[in-house]
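Only the coordinates and a few stated rules stand behind these numbers; no lab work does. Given the structure is predicted, the values throughout are model-derived calculations rather than measurements. Reconstructed Cβ throughout: ideal geometry from the backbone, glycine too, with neighbour counts over all protein chains shown.
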Ligand SMILES: N[C@@H](CCC(=O)N[C@@H](CS)C(=O)NCC(=O)O)C(=O)O
């Protein structure tokens, strides 16, 4: 049994989608970051950086923060969603790192300036709007070659998709990125993605381009 500490955000959804895909039993502990639950001492013991998601794998005695590390852990634990073939494995990890170091942080800033603080910092709005679109172009090029980021469906797709699901917040029109749109809809059609998206619950439907 895995304890999942999460909230309805892209980083949180990566882990709930992976747990659903892998068919692992898990208990959800909602950490409402809008009410500062992430600063509660019991949570800080698991996630010292005061951010969701975090997991505790009771059986293995392992506690972890950082969604990318958690995805790697779950893939290693189950032997699924990360190829054992060297080239595909490392390419998958490369795209996971691209999400962790670029797609996620830049889109997070786009949300901050474009959605939550619109009109306050025109330079930052332009910078993150443009950078978001550049990143979608990179994704478009990669997905034009295949149905998934690397080889079969993997933790790279699971890491990137929940961020793309906020395309409206990023002022990104997915119709301008046809390969990304097709991939986005392919994943949105998966039952595990739909279930994982709706954790911790009561979420509106997955946004459709
Ligand atoms: N690099 C971290 C980022 C996690 C993160 O930014 N979580 C946000 C929600 S998506 C959060 O918990 N924010 C609360 C806060 O900053 O206080 C990961 O991928 O797990």
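Overview of results
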{"read-out": "Gain in span if fully extended, residue 171 to residue 49, counting 0.36 nm per residue against the direct Cα distance", "value": "41.0 nm"}
{"read-out": "Order by protection proxy (mean Cβ within 10 Å, highest first), peptides 23-30, 104-111", "value": "104-111, 23-30"}
{"read-out": "Proxy reagent accessibility, fewest Cβ within 10 Å first, across 112, 42", "value": "42, 112"}
{"read-out": "Anisotropy class of the stretch 142-209 from Cα gyration tensor, a/c 1.5 cut", "value": "oblate"}
{"read-out": "Whole-number D in µm²/s for the stretch 89-183 (Stokes-Einstein; Kirkwood sum over Cα pairs; 20 °C, 1.002 mPa s)", "value": "159"}
{"read-out": "Inter-label distance, nm, simple model (7 Å from Cα along the C-beta direction), residue 89/residue 144", "value": "3.1"}
{"read-out": "Sorted by Cβ neighbour density within 10 Å, fewest at the top, the residues 33, 17, 2", "value": "33, 2, 17"}
{"read-out": "Fraction of antiparallel bridges per DSSP, the chain only, in percent to nearest 5", "value": "60"}
{"read-out": "Cα centroid separation, the stretch 98-134 to the stretch 181-203 (Å)", "value": "23"}
{"read-out": "168, 21 arranged by Cβ crowding within 10 Å, fewest neighbours leading", "value": "168, 21"}
{"read-out": "Global geometry of the chain, whether rounded, prolate or oblate, following the gyration tensor of its Cα atoms and the 1.5 cut on a/c", "value": "oblate"}
{"read-out": "Computed helical MRE - 222 nm, the chain, DSSP H runs ≥ 4 contributing -39500 (n - 2.57), nearest 500", "value": "-14500 deg cm²/dmol"}
{"read-out": "Computed over the chain: relative contact order in percent, which uses C-alpha pairs under 8 Å that are six or more apart", "value": "27"}
{"read-out": "The stretch 86-190, relative contact order in percent, only Cα pairs under 8 angstrom and at least six apart counted", "value": "35"}
